[in-house]
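A.B. asks: Take this structure first; my questions come after.
The values are calculated or read from the model by the stated rules, or taken from the named source; none is laboratory data. In this text the structure is predicted, and so the values were computed from the model without any measurement. Here Cβ is always computed from backbone atoms with ideal geometry, including for glycine, and neighbour counts include all displayed protein chains.
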Amino acid sequence: MSEGNARRVPGRPGRPRGPLSRRSVLASGGALGVFAALLAVSARARRPSGQPVVEPRSAVSGRTGALKQGRDGGVLGPTSAVPVGGGRVYAARKVVVTQPTAGTFRGFSAICTHRGCTVNSVSGGTINCPCHGSKFHIADGTVAHGPARRPLPSRPVSAEGGQVRLR
């Protein structure tokens, strides 16, 4: 049926009534594809570079899948690897262990609270982020120098048998 022979819809001049044209179906599909692509790019742009993807919590245990795969608990390394007045970053486990005073071990998340980068060093009494220069006190994880505004979250650690353990 050609457009010239199609019956017109009353009250809508120029719009034929009948099945959709191939052109309108293709245009709609293309527009939907463009919308989906823009949505995906927008979602990636909102997550700061280096920020980890948070896994959903299990309905049974309330813990994330990453934690259930062995990231919680276990030995991080020898206590001798964590200097007094300093600390050590365990990047693979996303944790920083400090020893502000002899025999006192503190654990913190290695993810900077500013933009989600992984901190990379402990020196001069601070835990240091390479991305934007944030620094956190080794004793309590509070901000020593911005741009971060929130302290590093604490992580439970213990020193047992000459080993630092993540609980």
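A.B. asks: Return the residues of region 115-125 that are free of Cβ contacts under 8 Å to residues at least 40 places away in the same chain and among the hydroxyl-bearing types (Ser, Thr, Tyr); say none if nothing qualifies.
C.D. replies: SER121, SER123
A.B. asks: For a quick check of your reading of the model, give me the residue pairs whose first member lies in region 74-88 and is among the charged types (D, E, K, R), whose second is part of a helix (DSSP H, G or I), with beta-carbon atoms closer than 9 Å and at least 6 apart or on different chains.
C.D. replies: Correct list of pairs: ARG88/ALA81.
A.B. asks: List the number of the failed condition for ARG115; all other conditions in (1) assigned to a loop (DSSP other than H, G, I, E, B); (2) in contact with a strand residue (DSSP E or B) (Cβ under 6 Å, 6 or more places away or on another chain) hold.
C.D. replies: Condition not satisfied by ARG115: (2).
A.B. asks: Right, another one. Pick from region 138-153 the residues that are over 17 Å from the mean Cα position of the chain (by Cα) and farther than 16 Å from ALA102 by Cα: which of them is surrounded by the fewest Cβ atoms within 10 Å (Cβ to Cβ)?
C.D. replies: ARG149
A.B. asks: If ALA110 satisfies all but one of (1) surrounded by fewer than 18 Cβ atoms within 10 Å (Cβ to Cβ); (2) closer than 15 Å to ARG88 by Cα, what's the number of the condition it fails?
C.D. replies: The single condition ALA110 does not satisfy is (1).
A.B. asks: When region 126-167 is examined, which residues are found to be touching a Lys or Arg at 6+ places or on another chain (Cβ under 9 Å), part of a loop (DSSP other than H, G, I, E, B) and touching a residue at least 40 places away in the same chain (Cβ under 8 Å)?
C.D. replies: CYS131, ILE138, ALA139, PRO156, ARG167 - these are the residues of region 126-167 that are touching a Lys or Arg at 6+ places or on another chain (Cβ under 9 Å), part of a loop (DSSP other than H, G, I, E, B) and touching a residue at least 40 places away in the same chain (Cβ under 8 Å).
A.B. asks: A further question on this structure: Quick one: would you say GLY85 is over 26 Å from the mean Cα position of the chain (by Cα), at pLDDT 90 or above and either of a type outside the set (Val, Ile, Thr) or closer than 23 Å to GLU160 by Cβ (or both)?
C.D. replies: Here the answer is yes, as GLY85 does meet what is asked.
A.B. asks: While we're on this one: Return the residues of region 154-167 that are within 25 Å of the chain's Cα centre (by Cα) and not polar (S, T, N, Q); say none if nothing qualifies.
C.D. replies: Matches in region 154-167: ARG155, PRO156, VAL157, ARG165, LEU166, ARG167.
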